[in-house]
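A.B. asks: Could you have a look at this structure, given as structure tokens, before my questions?
The values are calculated or read from the model by the stated rules, or taken from the named source; none is laboratory data. Just so we're clear, the structure is a prediction, and the values are computed from it rather than from any experiment. Reconstructed Cβ throughout: ideal geometry from the backbone, glycine too, with neighbour counts over all protein chains shown.
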Amino acid sequence: MNVAYVYPWDVVGDPSAPERLAGLGVDAVALAASYHSTRAATPYHPSHRVLDVPFPAFYLPIRPAAWGRLVPASPTWTPADAYLQARDALKAVGLPVHAWTVLTHNSHLGAAHPDLAVRNAFGDPYPYALCPAQEDVIEYCERMVQEILTVGQPDGLILEACGPMGFGHQSVHEKTSGADWTTADTDLLSLCFCTRCAPRYPEPARARVRATIDRSLPAHRPGTAGADPTNTTPATVEDALGPFADEVRVIRVGLSTALREHLIAVARQTAPDVPITLHANPDPWAAGAFAALPSGEPGADVLVASCWGDPSTDAARLARLAELSTQSQRVGAYVLALPPRPADATVLADHLRTYAKAGAAEFHLYHAGLASPERLTALTEALRQVS
């Protein structure tokens, strides 16, 4: 099955959008029901070419009684029921619609409720990241799934950011690269030490994280007690955490597992026949849109891995996800059709074949609303070549 990802505003107000998407040769559309802030090109829309989305929003009507402490925002740049309008237009041309649901990635709610945001070992908050150790966050995710299934009535449910977000985030004028933090460093900076998470870790874990991050700073500088500039750079997060790595990893993976299992149970109870797709990463230290899934998840129907980087690395990740899947599950590749990928059908088809060989039975295509006409043409041809 091939699935094209789009935003509601790609369809609402553009009568040509449903037929254009159907012409790609896809089997379904992943339509954002809940999504974070962004600045999006809209190359096909009759009313605009760039759309500023200043805060995360919920694209179905918000029923106040259905929510608890955390209530998502309604969009001002597109109708409040944009998901429903887009869904109906897509289904009218025969395209099933899956609800693309972003869960813990929400800067609007994180900024309004800083006690629920992820905090690193230095106490710095990540407002875009709601911590799934917090009961209010779990309740918010639960109610979102219920509302999408009840009001949105999708043909499928796609869960993204179903676990803790971490350090990596493409924020407004991101200025973090010059610190020269390694992959191990950013994994450490992704560990949450909020009021719910900190007590769960071994007591020395926070100090060990801080000392590792500050290893190259002069020991006399404020806030760097214990930093040793002669320390060698740890190659992995496990090296950095040393004897505490196993315990921290189990706790960290447990956050994603508990949220995922709870939401799958809620979804099955609310809409038993709606298939569930998970954006997942077999890396136990994963933090972000593709949550850690190192032991598999038999409750889901489809496991999708990100394939936005080097194709051989992507294929290895896919192969591992395939190993973790059950016989009844399908594995999908989340394929980038935007820069830096070329608008070249031959190159894209080669990537798709690589992913299929690694175990992908589905291609999830990002993004059919952002891509230029040349890219959509290349995508259509690539799908035809590998079909």
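A.B. asks: Looking only at the stretch 86-114, how many residues end up being surrounded by fewer than 17 Cβ atoms within 10 Å (Cβ to Cβ) and more than 22 Å from the chain's Cα centre (by Cα)?
C.D. replies: 5
Per-residue answers, yes or no, for (1) surrounded by fewer than 24 Cβ atoms within 10 Å (Cβ to Cβ); (2) over 23 Å from S306 (Cα atoms); (3) without any contact (Cβ under 8 Å) to a residue 12 or more places away in the chain; (4) in contact with a Pro (Cβ under 7 Å, 6 or more places away or on another chain):
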site	(1), (2), (3), (4)
A117	no, yes, no, yes
F122	yes, yes, no, no
L130	no, no, no, no
V137	no, yes, no, no
R143	yes, yes, no, no
I158	no, no, no, no
C162	no, no, no, no
F167	yes, no, no, no
A179	yes, yes, yes, no
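A.B. asks: Among A267, A227, which is the only one that is on the phi < 0 side of the Ramachandran plot, at pLDDT below 95 and buried (at least 19 other Cβ atoms within 10 Å of the Cβ)?
C.D. replies: It is A227.
A.B. asks: Mind listing whichever residues of the stretch 181-210 are surrounded by 17 or more Cβ atoms within 10 Å (Cβ to Cβ) and aromatic (F, W, Y)?
C.D. replies: F193, Y201
A.B. asks: Restricting the stretch 211-224 to residues that are polar (S, T, N, Q) and at pLDDT 55 or above, which is surrounded by the most Cβ atoms within 10 Å (Cβ to Cβ)?
C.D. replies: The qualifying residue surrounded by the most Cβ atoms within 10 Å (Cβ to Cβ) is T212.
A.B. asks: Any residue at all in the stretch 40-48 that is closer than 27 Å to P132 by Cα and in contact (Cβ under 8 Å) with a residue 12 or more places away in the chain?
C.D. replies: No: zero hits.
A.B. asks: Pairs, please: C-beta under 9 Å, at least 6 apart or cross-chain, first residue at negative phi and in the stretch 284-303, second part of a strand (DSSP E or B) and among the basic types (K, R)?
C.D. replies: As it stands, the answer is D301/R330; V302/R330; L303/R330, since those pairs meet every condition given.
A.B. asks: Another question, then. Would the stretch 70-84 turn up any residue that is closer than 29 Å to Q329 by Cβ, surrounded by fewer than 16 Cβ atoms within 10 Å (Cβ to Cβ) and modelled with pLDDT of 95 or more?
C.D. replies: Looking for residues that are closer than 29 Å to Q329 by Cβ, surrounded by fewer than 16 Cβ atoms within 10 Å (Cβ to Cβ) and modelled with pLDDT of 95 or more, one finds none in the stretch 70-84, hence no.
A.B. asks: Restricting attention to the stretch 296-336, and to residues there that are of a type in the set (G, A, S) and over 19 Å from E160 (Cα atoms), which single residue is surrounded by the most Cβ atoms within 10 Å (Cβ to Cβ)?
C.D. replies: Top of the filtered list is A315.
A.B. asks: Within the group H279, H262, which residue is in a strand (DSSP E or B) and out of contact with any Gly (no Cβ under 6 Å at 6 or more places or on another chain)? Even if it seems obvious, please write down each step before you answer.
C.D. replies: Numbers: H262 fails: in a strand (DSSP E or B).
That would be H279, the only listed residue that is in a strand (DSSP E or B) and out of contact with any Gly (no Cβ under 6 Å at 6 or more places or on another chain).
A.B. asks: In this structure, is V274 of a type in the set (A, V, I, L, M) and part of a loop (DSSP other than H, G, I, E, B)?
C.D. replies: yes
A.B. asks: If you don't mind, there's one more thing I want to ask. Within the stretch 92-151, track down each residue that is among the basic types (K, R) and either at pLDDT below 95 or in contact with a Leu (Cβ under 9 Å, 6 or more places away or on another chain) (or both).
C.D. replies: Across the stretch 92-151, the qualifying residue is only R143.
A.B. asks: Under 7 Å by Cβ, and 6 or more places apart or on different chains, what pairs join a residue from the stretch 307-333 that is free of Cβ contacts under 8 Å to residues at least 60 places away in the same chain with one that is crowded, with 18+ Cβ neighbours inside 10 Å and hydroxyl-bearing (S, T, Y)?
C.D. replies: C307/Y334; C307/Y355; D314/Y355; A315/Y355; L318/Y355; V331/S325; A333/Y355
A.B. asks: Separate question: Of everything in the stretch 1-51, what is among the basic types (K, R) and assigned to a strand (DSSP E or B)? Give them in sequence order.
C.D. replies: R39
A.B. asks: Let me ask another. Residue by residue through the stretch 337-352, note down the ones that are more than 16 Å from F363 (Cβ to Cβ) and either touching a strand residue (DSSP E or B) at 6+ places or on another chain (Cβ under 6 Å) or buried (at least 18 other Cβ atoms within 10 Å of the Cβ) (or both).
C.D. replies: If the condition is that a residue be more than 16 Å from F363 (Cβ to Cβ) and either touching a strand residue (DSSP E or B) at 6+ places or on another chain (Cβ under 6 Å) or buried (at least 18 other Cβ atoms within 10 Å of the Cβ) (or both), then A343 is the only one that fits.
A.B. asks: Which of the residues spanning the stretch 1-39 are in contact (Cβ under 8 Å) with a residue 60 or more places away in the chain, over 26 Å from R330 (Cα atoms) and either of a type in the set (D, E, K, R) or touching a Cys at 6+ places or on another chain (Cβ under 9 Å) (or both)?
C.D. replies: Matches in the stretch 1-39: D10, E19, R20.
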